Amino acid sequence: MSSLPAPARTYLFVPGTRPERFGKALASGADAVVLDLEDAVAPEHKAAARAHVVRWLKAAAPADRDRCVVRINDLTSDAFADDLAALLGTGVSQIMLPKTERAQQIRFVVESLPGAQVLALIESARGLARVDEVAGADGVARLVFGTLDFALDLDLDIRQDATGLNHAAACIALASRLADLPAPVAGVTPQLHDEARLLADLALARCHGYGAKLCIHPDQVQPIHRALQPSEAELLWARRVLAADAASPGVARLDGRMVDAPVVRQARRTLLAARH
């Protein structure tokens with residue numbers, strides 16, 4: 001199997017105004033921590049949040065910095081250029097770009113921050129209409145579904161029923177696959193301390209092929225990891241499939257069923273998911 005690190009399963013947001021929480025967020029076990037300069041920061045506090053994030057990134061150990069994503073302000077914001085200028089030289093390798101709607105927005109970011117990878121937030125009708133263009137842009141590492149902003153843009157009521165998001169969710173997943181990107185990242189579950197709702201949202205996202213989720217509280221991290229971890233029964237099945245295929249490549253049978261190539265690939269994917 002590949003030795004490449006498995007893609008992140010959880011992205012935990014921390015307001016850029018709360019530097020005392022940055023280290024705690026990393027200690028939560030989240031695969032990635034999103035230092036937020038956008039929605040979690042009021043306009044009058046943008047400069048202070050930016051300074052906190054830059055100072056912390058410059059002082060952070062490389063392993064901690066590599067787990068960090070900075071969500072900057074969108075291209076139409078007065079803070080966009082200031083964010084990019086401040087982050088140059090910090091060593092940040094992942095940028096989350098809100099309201100991504102065109103490939104040229106991605107290009108602007110990667111030209112401003114050489115070597116950075118972009119997690120492109122799709123959270124508008126225009127972004128969805130051009131999702132293939134965005135997914136195929138140089139520098140895009142992953143697509144992220146900004147469900148709350150998308151629902152606002154289309155005036156969808158998703159408080160009790162999120163089926164209005166299904167079409168967009170499927171389009172984002174298909175665009176990710178066609179661009180050979182990792183499985184996309186599902187949006188937040190705003191209901192805090194409601195594990196049932198969190199896992200229901202994750203299950204719906206998994207039905208569309210999503211492989212990760214945005215988190216807004218540390219308590220959401222471990223339930224997501226547990227839900228995405230293969231069970232012992234699934235791991236045993238995967239090992240038996242690979243053993244059967246190794247013994248009789250292409251013509252194996254297991255429990256009365258033929259083990260063909262898609263079954264073998266699924267077994268390998270199951271074992272890969274257990275690498276976290």
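What follows draws every value from the coordinates through simple rules; no lab data is involved. Everything quoted here is computed from the prediction, not taken from an experiment. We place every Cβ from the backbone using ideal geometry, glycine too, and count neighbours over all the protein chains shown.
How high is the relative contact order of region 232-273, given as a whole-number percent (alpha carbon pairs under 8 Å, six or more residues apart)? Working shown, then result.
Numbers: 38 pairs, mean separation 18.6, N = 42.
About 44 percent, as a whole number.
Would you kindly state the longest site-free stretch of the chain, with sites defined as trypsin sites (Lys or Arg not before Pro) in a DSSP loop (not H, G, I, E, B) surrounded by at most 12 other Cβ atoms within 10 Å?
Numbers: sites that count: Arg159, Arg275.
No qualifying site falls inside 1-158, the longest such stretch.
Using alpha-carbon pairs under 8 Å, 6+ residues apart, how would you state the relative contact order of region 10-228 in percent?
18 percent
Running a GNM on the chain with Cα contacts under 10 Å, which residue among Gln117, Gln222, Gln160 ends up with the highest mean-square fluctuation?
Gln160
Based on the Cβ-Cβ distance of Arg107 and Ser248, what FRET efficiency does E = 1/(1 + (r/R0)^6) give at R0 = 35 Å, to the nearest 0.05?
Details: r = 50 Å, r/R0 = 1.42.
Using R0 = 35 Å, I get an efficiency of 0.10.
Can you work out the Karplus-derived ³J(HN,Hα) for every residue in region 40-46? Use 6.51 cos²θ - 1.76 cosθ + 1.60 with θ = phi - 60°, whole Hz, and x for glycine or proline.
Per residue, the Karplus-derived 3J(HN,Hα) values read 7, 10, 5, x, 6, 10, 4 Hz.
How much mean residue ellipticity at 222 nm does the chain get from its helices, if each DSSP H run of length 4 or more adds -39500 (n - 2.57) and you divide by all residues, to the nearest 500 deg cm²/dmol? Provide the component values of the computation, followed by the final result.
Values: 13 runs with 124 residues, N = 276.
Here the helix-only value at 222 nm equals -13000 deg cm²/dmol.
Please list, in order along region 205-214, the HN-Hα scalar couplings obtained from phi with the Karplus expression 6.51 cos²θ - 1.76 cosθ + 1.60 (θ = phi - 60°), rounded to whole Hz, x for Gly and Pro.
5, 4, 4, 9, x, 7, x, 7, 8, 6
For the chain, give the share of DSSP beta bridges that are antiparallel, in percent and rounded to the nearest 5; count only bridges with both residues there.
On the way: 2 of 28 bridges.
For the chain, the DSSP antiparallel bridge percentage is about 5.
Across every pair of different alpha-carbon atoms, what Kirkwood hydrodynamic radius in Å does the chain reach? Mind showing how you got there, number by number?
Numbers: mean 1/r = 0.0506 Å⁻¹.
It works out to 19.8 Å.
Express the relative contact order of region 3-70 as a whole percentage, based on alpha carbon pairs under 8 Å and six or more residues apart in sequence. Can you show the working numbers first?
Working: 80 pairs, mean separation 24.3, N = 68.
For region 3-70, the relative contact order is 36 percent.
Looking only at Ala243, Ala81, Ala125, which one moves most when the chain is put into a Gaussian network model with springs between Cα atoms under 10 Å?
Most flexible of the set in this elastic network: Ala243.
Give me P(r) over region 5-146, computed from all C-alpha to C-alpha distances, binned every 5 Å, as integer percentages.
2, 11, 22, 24, 22, 14, 5, 1, 0
Around Leu254, which amide H atoms from residues at least 5 apart in sequence, or from another chain, sit under 5 Å from its own amide H, with H modelled in the peptide plane?
Hits under the 5 Å cutoff: Val259.
Based on Cβ point charges of +1 for Lys and Arg and -1 for Asp and Glu, what charge dipole magnitude is obtained for the chain about its Cα centre, in debye rounded to the nearest 20?
Values: 31 positive and 33 negative charges, 204 e Å.
So the dipole magnitude of the chain works out to roughly 980 debye.
Among the lysines, which fall within straight-line cross-link reach of Lys24, defined as a Cα-Cα distance under 23 Å, with same-chain neighbours fewer than 8 residues apart omitted?
Result set, ordered by chain and number: Lys46, Lys58, Lys213.
What is the spin-label model distance, in nm, from Leu235 to Leu174 if the labels are put 7 Å beyond Cα along the C-beta direction?
3.6 nm
So for region 45-94, considering every pair of alpha-carbon atoms, how many percent are separated by more than 15 Å?
Numbers: 488 of 1225 pairs.
Looking at region 45-94, the distances longer than 15 Å represent 40 percent of pairs.
Just to be sure I follow: if Rg is taken over the C-alpha atoms of region 232-273 and Rh is the Kirkwood radius over the same atoms, what is Rg/Rh?
Working: Rg = 9.3 Å, Rh = 10.0 Å.
Reported Rg/Rh, Kirkwood definition of Rh: 0.93.
How much net charge surrounds Thr17 when only other residues with a Cβ under 11 Å from its Cβ are counted (Lys, Arg +1; Asp, Glu -1)? All intermediate terms of the calculation are to be shown ahead of the outcome.
On the way: positive: Arg18, Arg21, Lys46, Arg50; negative: Glu20, Asp36, Glu44.
Within the 11 Å Cβ shell, the charges total +1.
In whole angstrom, note down how far apart the Cα centers of region 149-164 and region 67-83 are.
25 Å
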